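All remarks here apply to the structure that follows.
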Amino acid sequence: MKKDWKRKIVGWLCLSSIAFVFQACYGTPQDFGNDLLIEGLVKSKKTGFPIKGIKVSVGDKMQYTLTDENGQFSFYTARMNNTQIYIEDIDSTENSLFINKDTLITIKDSIFNTKLPKVYLNIELEPK
Amino acid sequence: MNKLLKQALFREFKKNETKLHELNYLFWECTTRCNLNCRHCGSDCSKDSQYKDMPLDHFLKALDTINNSSDNFTVVITGGEPLLRKDIELCGREIRKRGMRWSLVSNGYLYDEQKHISLLNAGLGALTLSLDGLTDSHNWLRNNDNSFKRVDKAIGLAVSTSRLNFDVVTCVNNRNFYELEEVRKYLIQKGVKAWRLFTIVPIGRAKVDAEMFLTDSRFKKLMDFINESRKRNEIDIKFSCEGYVGKYEFKVRDSGFFCRAGINIGSILIDGSISACPNIDRTFAQGNIYKDNFFNIWQTKYILFRDRSWTKTGQCADCKQYKDCQGNGFHYWHSQKKNVLVCHHQKIKYE
């Protein structure tokens with residue numbers, strides 16, 4: 001602990017916080033870990049069965065994933081207190097037809113204070 | 001703050017960091033296969049590598065020896081070209097699942113929209129792409145006519161995502177030297193926030209090609225270019241951490257020169273060797289994950305990296321800058337330890 005204080009004081013005095021942010025010659029910039037793991041399950045509200053091939057996207061919809069055969073999805077996205085999630089049935093009639101849904105998730109600060117912030121969503125879709 | 005005082009404090013800081021040697025940055029050379037055949041490649045990578053890609057579970061076994069990794073610990077996946085691995089997303093997810101962060105160094109050739117999304121989904125947090133000039137000079141160095149077009153697209157994707165801490169690196173050589181200003185404009189126009197410039201190390205394929213290496217006069221002009229560009233504040237431009245640059249210290253980078261190889265930076269190389277930056281002479285390896293506990297090696301070995309007094313030899317023996325330079329970048333030393341391969345300070349001093 002004592003060493004850590006010395007480290008911070010000298011580092012800040014000579015350079016400010018950049019003393020602790022570095023990149024190796026042929027490496028990348030450091031990742032500050034500002035992400036959130038969003039996991040979940042999409043199922044039919046009518047039957048309770050998981051739905052495969054549902055598109056789950058965030059923000060401007062550029063980042064997306066599809067549910068697997070168990071209706072599960074998982075992806076990392078930028079850390080924000082409020083994240084808009086879009087759930088869309090894009091495979092037409094393959095798994096019958098469902099009404100698209102979007103939802104705003106609000107993340108508590110306490111979740112962001114963990115080493116690996118994550119949320120789990122249970123999503124039910126209404127059949128068309 | 002007075003420069004001398006700043007340098008003295010920085011020396012203390014480096015001493016303390018060396019003593020603590022906290023592992024913050026771990027390179028994983030996951031493949032030595034490459035889809036390009038760059039003229040300057042320090043690894044002599046090729047399409048047909050003599051090594052098979054390291055299986056993910058072998059790497060994870062070594063990674064799992066790290067107990068209590070530091071908060072900012074990052075695995076930097078490098079190669080070869082890491083995007084040639086079909087399981088790259090799985091590799092990233094397994095690292096992130098352990099609460100560790102991961103990033104990627106790529107030539108950008110295979111970085112299309114689909115790959116961009118799948119890597120983000122897997123928790124990619126930082127990315128470095130190589131751009132070595134405008135169309136002709138980039139394609140020349142990369143030995144591929146489509147290379148610029150591909151990396152241009154990759155850069156566009158990378159800048160579109162605020163989640164990624166992203167930068168572009170450029171290996172400065174005699175072909176692209178006079179177009180650096182144009183490259184700077186191009187990057188600003190693309191929305192790139194950070195740009196790092198290197199010179200080329202005389203190892204691998206590069207060592208026999210004179211066109212790769214800047215004269216002392218050009219090297220000094222490069223320092224002036226970086227210094228002047230930093231004052232404009234249009235892009236976060238910096239010289240890489242490859243060497244000590246005397247009067248340009250604290251002017252061409254955010255901080256002074258500090259080679260952190262073996263101090264904060266470790267690596268697991270393609271054959272399981274445990275070392276520091278991948279461009280360091282492989283005879284300096286400290287162990288091998290196939291017979292040693294990785295973290296135990298990190299904590300107990302690396303003596304040559306943490307006590308650089310052995311570098312006070314050859315042209316470094318009587319150098320007045322030694323206390324700030326300490327033998328330049330570790331990758332400029334061969335196993336014979338007789339003399340440093342390149343002295344950046346000398347390039348500036350006599351110009």
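Overview of results
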| quantity | calculated |
| --- | --- |
| Qualifying residue in segment B:212-229 (condition: surrounded by fewer than 16 Cβ atoms within 10 Å (Cβ to Cβ), over 28 Å from B:G80 (Cα atoms) and among the hydroxyl-bearing types (S, T, Y)) | yes |
| Filter pass, B:R150 being at negative phi, outside any helix (DSSP H, G or I) and not small (G, A, S) | no |
| Contacts under 6 angstrom Cβ, first residue in segment B:228-253 being over 12 Å from B:A194 (Cα atoms), partner small (G, A, S) and outside any strand (DSSP E or B), 6 or more apart | B:E242/B:G329; B:G243/B:G329; B:E249/B:G256; B:F250/B:G256 |
| From the options A:E39, A:E69, residue that is surrounded by fewer than 21 Cβ atoms within 10 Å (Cβ to Cβ), closer than 30 Å to B:L26 by Cα and charged (D, E, K, R) | A:E39 |
| Matching entry among B:D209, B:D271 (being surrounded by fewer than 18 Cβ atoms within 10 Å (Cβ to Cβ) and more than 22 Å from B:R142 (Cα to Cα)) | B:D271 |
| Matching residues in segment B:98-108 - criterion: being more than 8 Å from chain A (Cβ to nearest Cβ) and more than 30 Å from B:R142 (Cα to Cα) | B:R98, B:M100 |
| Qualifying residues in segment B:246-266 (those that are basic (K, R) and touching a helix residue (DSSP H, G or I) at 6+ places or on another chain (Cβ under 8 Å)) - the one farthest from the other protein chains (Cβ to nearest Cβ) | B:K247 |
| Residue match in segment B:102-115 (condition: among the aliphatic types (A, V, I, L, M) and surrounded by fewer than 18 Cβ atoms within 10 Å (Cβ to Cβ)) | yes |
| Among (1) out of contact with any Pro (no Cβ under 8 Å at 6 or more places or on another chain); (2) closer than 20 Å to B:S162 by Cβ - the single one A:R79 does not satisfy | (1) |
| Filtered residues of segment B:85-107 (kept if of a type outside the set (S, T, Y), under 22 Å from B:C171 (Cα atoms) and either without any contact (Cβ under 8 Å) to a residue 24 or more places away in the chain or not in a loop (DSSP other than H, G, I, E, B) (or both)) | B:L104, B:V105 |
| Odd one out for B:S49 among (1) within 9 Å of chain A (Cβ to nearest Cβ); (2) farther than 16 Å from B:A154 by Cβ | (1) |
| Some residue of segment B:247-268 being of a type in the set (V, I, T), out of contact with any strand residue (DSSP E or B) (no Cβ under 7 Å at 6 or more places or on another chain) and farther than 20 Å from B:T74 by Cβ | no |
| Among the candidates B:G287, B:G329, residue that is under 19 Å from B:F258 (Cα atoms), within 23 Å of the chain's Cα centre (by Cα) and either surrounded by fewer than 19 Cβ atoms within 10 Å (Cβ to Cβ) or not aliphatic (A, V, I, L, M) (or both) | B:G329 |
| Verdict on B:F330 being of a type in the set (F, W, Y) and more than 23 Å from B:F13 (Cα to Cα) | no |
| Candidate set from segment B:332-345 (those that are polar (S, T, N, Q) and in contact with a helix residue (DSSP H, G or I) (Cβ under 7 Å, 6 or more places away or on another chain)); member that is nearest to B:I263 (Cα to Cα) | B:S335 |
| Filter result (within 14 Å of chain A (Cβ to nearest Cβ) and closer than 16 Å to B:D236 by Cα) within segment B:167-225 | B:D167, B:V168, B:V169, B:T170, B:V192, B:K193, B:A194, B:W195, B:R196, B:L197, B:F198 |
| Matching option when the condition is closer than 30 Å to B:K247 by Cβ, of a type outside the set (D, E, K, R) and at pLDDT 90 or above, among B:T18, B:T78, B:T32 | B:T18 |
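The values are calculated or read from the model by the stated rules, or taken from the named source; none is laboratory data. Computed from a predicted model, the values in this text were never measured in an experiment. Counting neighbours? That spans all protein chains shown, and the Cβs are built from the backbone with ideal geometry, glycine included.
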